Amino acid sequence: MTLPIKCLTQPLMDAIAEQARTSPRHRKNYNFHEHSDIVQRFLNVLQPETYVRPHRHVRPEGKSGFEFFLVLQGAIGILILDGSGEVIHTEKISATGTTRGVELGEGMFHTLIALEPDTVMFELKEGPYMPIEDKDFLQTFPLENTAEAQQWIQTWMQHFQ
């Protein structure tokens, strides 16, 4: 008999980190959920070279656009932006620091940067996952895999030095 148990182990995190290192996006998700589940639960492994285009989550009435980040390994910087793209708040979240996790409320524009290689986060948010509706991007920021995107990583990194 197979029990409905999924374990989060160091070998799993190491394997996903290896995939993130070789990914063109320099990050990799590992889902514990199915896309149709009402709760999304996943690992997000980021490398310092990854660019997360600033975005927010807005859900239909009766749903919540919150997002919860818990750092299990490494450290990330979260930048909260206003509607014009200006940084209005930053948080450093670290597996060994005083702040280990953060919940962002619905509608908050944000981006993430990995402050250490092989940073592993556990993310939790309401589902189901709808790729077209999941993110509302700040249009003033570049798409992934562009030289301009890499410049933004360097700019944002300065907030955490």
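Annotation note: Cβ proximity below 6 Å between a residue of the stretch 29-46 that is closer than 17 Å to Leu8 by Cβ and a residue that is of a type in the set (Asp, Glu) (sequence gap 6+ or interchain) occurs for Phe42/Glu123; Asn44/Glu123. Here the stretch 1-20 is the region considered, the condition is being touching a residue at least 12 places away in the same chain (Cβ under 8 Å) and not in a helix (DSSP H, G or I), and the residue that is farthest from Glu144 (Cα to Cα) is Lys6. Does Leu138 fit the bill of being more than 17 Å from Tyr51 (Cβ to Cβ), hydrophobic (A, V, I, L, M, F, W, C) and surrounded by 13 or more Cβ atoms within 10 Å (Cβ to Cβ)? No, not satisfied.
Considering only residues that are touching a strand residue (DSSP E or B) at 6+ places or on another chain (Cβ under 7 Å) and touching a residue at least 12 places away in the same chain (Cβ under 8 Å), which ones fall in the stretch 85-96? Can you show your working first?
Step one: of the stretch 85-96, the residues touching a strand residue (DSSP E or B) at 6+ places or on another chain (Cβ under 7 Å) are 87-95.
Across the stretch 85-96, the qualifying residues are Val87, Thr90, Glu91, Lys92, Ile93, Ser94, Ala95.
Only the coordinates and a few stated rules stand behind these numbers; no lab work does. Please read these numbers as outputs of a predicted model, since none were measured by experiment. Quick reminder, even Gly has a Cβ in these numbers, built from the backbone with ideal geometry, and neighbours come from all protein chains shown.
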